[in-house]
Amino acid sequence: MRNCVSKLNTVLRLLSLACIVSIAVSSPTSAQGLRDKISELFIFGPGQEPLFLAGSGDPNNPAALQAHGRHFVPASAAENASVISFITDALGASVANIPIGSTSGGETFRFEGGVPVRTSTSAGPIFAERAQTLGRGRVLAGISRTSFRFATLRGVDMRNIGLTFTHENVDFEGCDAQFGADCSLYGVPVLENDAIDFQLSMDLDVRVTSIYVTYGVSDRFDFGLVVPIVSADFRGESDAQIRPFGGTTAAHYFAGTTDNPVLSARRESLGSAAGLGDVALRAKVNLRESPRASVAFLVDGRFPTGSRQDLLGSGKFAGRALAIINSRIGDFSPHLNVGYMYHAGTQQNDAVLGTVGFDDRIAERVTLAADLVTELQVGDSKLHLPPPVTYESPFRRTLNPTNIPEIRDDLVNGSFGVKVTPVRNTTIVLNTLFPLNRGGLRANLVYTAGIEYTF
């Protein structure tokens, strides 16, 4: 009993240390978060709105010409608002959805007649869960570092995203008479056929330091906490080109005059942030324990403790429930996880979760772990791309607003790693996570390194 109380006090001290570390490394949120840095790629002058054309909207211009300065801003053109929101929300949702590895690895035990009996031989999986719990009174404490750079968005290179912003559909009282045609048709007046072509390049490098503690409340129940410290560096560039449809003078331009317009612009944006991510609490109960088939149930929740504005957290609660089944054939342990992920926010879909793989003690102190990790989207995507734009005048044609495809954001990853136990109770974890499909926002490789101590 005294030993359990001592370990519980140790757990509380570790949790306090995790909170202190998170506060120490968190940088104050600046007036401009990383979300604002992304928006800067669409802003062409200080204090302006996204896609506002300062040349056309110059206060020295006649009022009729000034009005053209606002014909592409998201508040006026819903399609343009959808494209910008899609880019920003995809980045924010994906950083907050960083996978958390297993936090109940190492040796596991149960007590029989007061004597500890080992319930596992390998050090366990890395990005999957196994049914075995730590054992009554046992503690696992660890720290891991995960690093990656987002490389593709639905299969499109993040450094080569193509966007086309379209003119709002202008229709006002007297418009039909002024232009001699039906202004409700897209393309009337003819200046509605002007467009802005964008070439967008973005780099987002993310590093997550996770401090975690798991405590064996009983032989069949353990409880854990994960405190992630997230740092993100963003760099973006945009090249914009106005594509006039025709005429001898321009109504839409970034600078200059109608007779000598500047039709191209370039923007660059840099930013970084660091701080506490979304803290996770988890609990696992072992329902059945045997060498042939062990069964457990796990629930965990991620709480919105990270800054949404700085892309460090989702801003909404997310939770999952998993059924866990694994077996043991000597040192070889196959496992299966099946469950459901719930997202309270409006940016991410719920998902059906499935992980299948194995962990195998290939040497006295080395465990190999491999998994297929899937997250399959439920329902239609909450990240909306605008549909193709159809012009009715002066001839019927269709324009696609982006080269990003309208596909499901299903995630299928492979995981491969090793656990090395150089000394008793201490485990070193090395792992790579790599995409097997191109749904959603993905990195080419996710590297994880960590160290765990069980006592």
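The values are calculated or read from the model by the stated rules, or taken from the named source; none is laboratory data. No experiment lies behind these values; they were computed from the predicted model shown. Note that each Cβ is placed from the backbone with ideal geometry, even for glycine, and that neighbours are counted across all protein chains shown. SASA here: full protein model, heavy atoms, side chains in, ligands and nucleic acids out. Shrake-Rupley method; radii C 1.70, N 1.55, O 1.52, S 1.80 Å.
Odds and ends about this structure:
- Applying the criterion of being over 22 Å from residue 236 (Cα atoms) and touching a Gly at 6+ places or on another chain (Cβ under 6 Å) to the residues of the stretch 188-218, the residue that is surrounded by the fewest Cβ atoms within 10 Å (Cβ to Cβ) is 193.
- Single match in 92, 162, 106, 137 (criterion: assigned to a loop (DSSP other than H, G, I, E, B), in contact with a Leu (Cβ under 9 Å, 6 or more places away or on another chain) and at pLDDT 75 or above): 137
- Extreme residue, nearest to residue 231 (Cα to Cα), among residues of the stretch 299-324 that are assigned to a strand (DSSP E or B) and among the aliphatic types (A, V, I, L, M): 318
- Residues of the stretch 339-352 satisfying the condition of being farther than 16 Å from residue 283 by Cα and assigned to a strand (DSSP E or B): 342, 343, 351, 352
- Of the criteria (1) more than 30 Å from residue 166 (Cα to Cα); (2) modelled with pLDDT under 90, which one residue 143 fails: (2)
- The number of residues in the stretch 334-352 being buried (at least 16 other Cβ atoms within 10 Å of the Cβ) and touching a Leu at 6+ places or on another chain (Cβ under 7 Å) comes to 5.
- Scanning the stretch 30-75 for residues that are outside any helix (DSSP H, G or I), among the hydroxyl-bearing types (Ser, Thr, Tyr) and open to solvent by less than 40 Å² (accessible area, probe 1.4 Å) yields a count of 1.
- Odd one out for residue 371 among (1) closer than 30 Å to residue 190 by Cα; (2) of a type in the set (D, E, K, R); (3) modelled with pLDDT of 95 or more: (1)
- Among the candidates 331, 359, residue that is surrounded by fewer than 19 Cβ atoms within 10 Å (Cβ to Cβ), touching a residue at least 60 places away in the same chain (Cβ under 8 Å) and either out of contact with any His (no Cβ under 8 Å at 6 or more places or on another chain) or not polar (S, T, N, Q) (or both): 331
- Checking each residue in the stretch 229-274 for being over 14 Å from residue 54 (Cα atoms) and without any contact (Cβ under 8 Å) to a residue 24 or more places away in the chain picks out 248, 249, 259, 260.
- Filter result for the condition that a residue is open to solvent by 40 Å² or more (accessible area, probe 1.4 Å) and at pLDDT below 95, over 259, 239: 259
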